[in-house]
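Peer 1: Sending over a structure as structure tokens; questions will come in a sec.
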Amino acid sequence: MRKLYISLLTLILVGLTLTTSVFAWFQVSRTGMIEGVELGVALDDDLMISLDGIDYYKDISKEMLSSVIGPNPVLKNVTTQDGINFFQGPLAQSSRARPRTEYIAFDIHFRLTSDHPNPNYHQKYVYLSDRTNPTYQNATQTKGTFITSMGRPWVNPISFQNGMEIVPAGTNRVYYAKDAMRISARNADTNEVFIYDISQDRYRGFGKIFGAYDYYINRLGVSLDIPAEPEHTIYQLTEFSSLQNDIALDKRSLLSELSLVSETEGIYVYEGKTTISIWLEGWDADAFDAILTDKLFMRLNIRSARFEEVING
């Protein structure tokens, strides 16, 4: 009987350990392995950026940004429907997520100075721009907008549907945190918001019934109602004229339309502000636990331009 009790106790403890591990997706999944977040503006741009509205720069380093987002920011698999209000993932949709401890959020101030006598030529529209896709190893030498990660190997203990294929149990693959990341921007003046799926993979985007969702519902034996994709999600950044790169052709990744604050002796000064949020989307098809020990490096490229609406036909 004593051996039987020991065996039963061992099985119970194993079961508790397994359950705790599996529920990480919903409750405690987080990563503090953010190697860096940087902001930059094109050198030939008249735009400057700031974290406090006082000191302005062309580039904001990860050391400067750490004073705002914390020296070791942590990401948890949170979710949002509007890019403003964040909640603690699929099983805690009424619990608010906290910036600095569960996702990244900070304000960017913009200042544009122009001496062009015609205000119509002032590049007062500011965009998130120039998406690139470097490897993790090349990230620190790469300009543009990107989130990259090192990747983590994972052997899935059960089979699951992963898009057009079934991944058999015991498969060893590398999974990437970058594939489940989002960036949102809220214009301080208009409250307009966009949510950018930086993977640009619409097929593996928000709320798919395969990938992480299929794995976890089979692993846990639960079923969840999947919310609709957030209304203002974009999969591409703003495009610019190939003939005049100071002209934007759309406003989908518009950060701010700057306001004129002064004009002295032909020198025009414009200012604006945007709130940026960066998070790991818990409803993404690639939000597996394996990615939560991945190492991330991020850079956002900001660009000012004029805007000319393109009318087809």
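The values are calculated or read from the model by the stated rules, or taken from the named source; none is laboratory data. Since the model is a prediction, treat every value here as computed from it, not as a measurement. So basically every Cβ, Gly included, is an ideal-geometry build from the backbone, and we count neighbours across all protein chains shown. Please note that ligands, DNA and RNA were not included when accessible areas were found on the heavy atoms of the full protein model with its side chains. Shrake-Rupley method; radii C 1.70, N 1.55, O 1.52, S 1.80 Å.
Peer 1: When you look at residue 248, is it touching a helix residue (DSSP H, G or I) at 6+ places or on another chain (Cβ under 9 Å) and over 14 Å from residue 184 (Cα atoms), yes or no? Let's see the steps before the verdict.
Peer 2: Details: touching a helix residue (DSSP H, G or I) at 6+ places or on another chain (Cβ under 9 Å): no; over 14 Å from residue 184 (Cα atoms): yes.
Judged against the criteria, residue 248 is not a match.
Peer 1: Could I ask something else about it? Identify, from the list 131, 111, 100, the residue that is of a type outside the set (Val, Ile, Thr), farther than 28 Å from residue 206 by Cα and surrounded by 13 or more Cβ atoms within 10 Å (Cβ to Cβ).
Peer 2: 111
Peer 1: Still on this structure, please answer the following. Name every residue in region 164-181 that is in contact (Cβ under 8 Å) with a residue 24 or more places away in the chain, outside any helix (DSSP H, G or I) and open to solvent by 10 Å² or more (accessible area, probe 1.4 Å), in order of residue number.
Peer 2: Once the filter is applied, which keeps residues that are in contact (Cβ under 8 Å) with a residue 24 or more places away in the chain, outside any helix (DSSP H, G or I) and open to solvent by 10 Å² or more (accessible area, probe 1.4 Å), region 164-181 yields 175, 176.
Peer 1: I'd like the full set of residues that are among the polar types (S, T, N, Q) and in contact with a helix residue (DSSP H, G or I) (Cβ under 7 Å, 6 or more places away or on another chain), limited to region 162-206.
Peer 2: 199
Peer 1: Separate question: Which one of the conditions (1) at pLDDT 90 or above; (2) open to solvent by 70 Å² or more (accessible area, probe 1.4 Å); (3) part of a strand (DSSP E or B) does residue 55 fail to meet, given that it meets all the rest?
Peer 2: (3)
Peer 1: Related question: Does at least one position in region 271-291 carry a residue that is over 29 Å from residue 100 (Cα atoms) and outside any strand (DSSP E or B)? I'd like the intermediate steps shown before the answer.
Peer 2: At the first step, the residues of region 271-291 found to be over 29 Å from residue 100 (Cα atoms) are none.
No: region 271-291 contains no residue that is over 29 Å from residue 100 (Cα atoms) and outside any strand (DSSP E or B).
Peer 1: Right, something else. Pick from region 203-223 the residues that are of a type outside the set (Gly, Ala, Ser) and exposed (fewer than 13 other Cβ atoms within 10 Å of the Cβ): which of them is farthest from residue 126 (Cα to Cα)?
Peer 2: By that ranking, first place goes to 222.
Peer 1: Listed residues 224, 300; which is assigned to a loop (DSSP other than H, G, I, E, B) and not aromatic (Phe, Trp, Tyr)?
Peer 2: Residue meeting the stated conditions: 224.
Peer 1: Still on this structure, please answer the following. Would you mention how many residues in region 227-251 are assigned to a loop (DSSP other than H, G, I, E, B) and either within 18 Å of the chain's Cα centre (by Cα) or aliphatic (A, V, I, L, M) (or both)?
Peer 2: Number of matching residues: 11.
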